Amino acid sequence: MKRILFAAILTSLTAISTAADKPPQASAVAVQESEAIVELVSIDRKTRHATVRGPTGATFTFVVPAEAQNLDRVKPGDKFKARYTEALALSLNKGGVASESGGRTVKVAPKGGTPGGTIVQTKQITALITAIDRPTRTITVQGPQKNEMALKVADEVKSFDDMAVGDTIGITYVEAVALQMMAEGGSAKSDAKK
């Protein structure tokens, strides 16, 4: 499960460098991960809404993707190993145009298999730098819908001096969730044939 999740994230993040005509001039990546055992509190099979409770007692409701085929095999009280990963990549590119794209990848257990799966959602935005105020370290960027936003650039960003009007900033955001049903004894179930 971990390899599939990381492979999907790496594939999504590499799109940031291939989306531009030239390799990025500067880039940064931030990744945050968490893992927990969650318990299914309720499931509405008609609307496909599932509510789980985490280790702190907090609940979270989500929609089970239509691709999931094993809802008939889960019931309140079932436990799942859950992994949540967020990744954000930023890049500065010479030239380019404002754009937006996204995608979603769903991988689920086969019908009759152990319930679980992985969902990876990716959003990519390229914003055009339309103004730079060097004394205040502020840039103005224009998104794909022509909306403008002023952004303060942190002192730690060394490539600020290399930024120019007409450059683009690429942002790729990846969110991935993986769930795997656990056996009664507490370990993740496996569909492997022995």
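Every read-out reported here was derived from the displayed coordinates using simple, explicitly stated rules and does not represent laboratory data. Please read all numbers here as calculations on a predicted model, not as lab measurements. Cβ atoms come from the backbone with ideal geometry, glycine included; neighbour counts cover every protein chain shown.
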Matching entry among Leu151, Leu179 (being more than 30 Å from Leu40 (Cα to Cα) and not hydroxyl-bearing (Ser, Thr, Tyr)): Leu151
Count of residues meeting criterion [within 25 Å of the chain's Cα centre (by Cα), surrounded by fewer than 16 Cβ atoms within 10 Å (Cβ to Cβ) and not charged (D, E, K, R)] in the stretch 135-149: 4
Out of the residues in the stretch 127-158 meeting the condition of being small (Gly, Ala, Ser) and not in a strand (DSSP E or B), tell me which one is farthest from Ala98 (Cα to Cα). Ala154
Top-ranked residue of the stretch 96-112 - restricted to ones that are of a type in the set (Val, Ile, Thr) and assigned to a strand (DSSP E or B), ranked as surrounded by the most Cβ atoms within 10 Å (Cβ to Cβ): Val108
Within the stretch 92-108, is there a residue that is of a type in the set (A, V, I, L, M, F, W, C) and either touching a Lys or Arg at 6+ places or on another chain (Cβ under 7 Å) or closer than 29 Å to Asp44 by Cα (or both)? yes
From the list Asn93, Asn70, which residue is out of contact with any strand residue (DSSP E or B) (no Cβ under 7 Å at 6 or more places or on another chain) and surrounded by 13 or more Cβ atoms within 10 Å (Cβ to Cβ)? Asn70
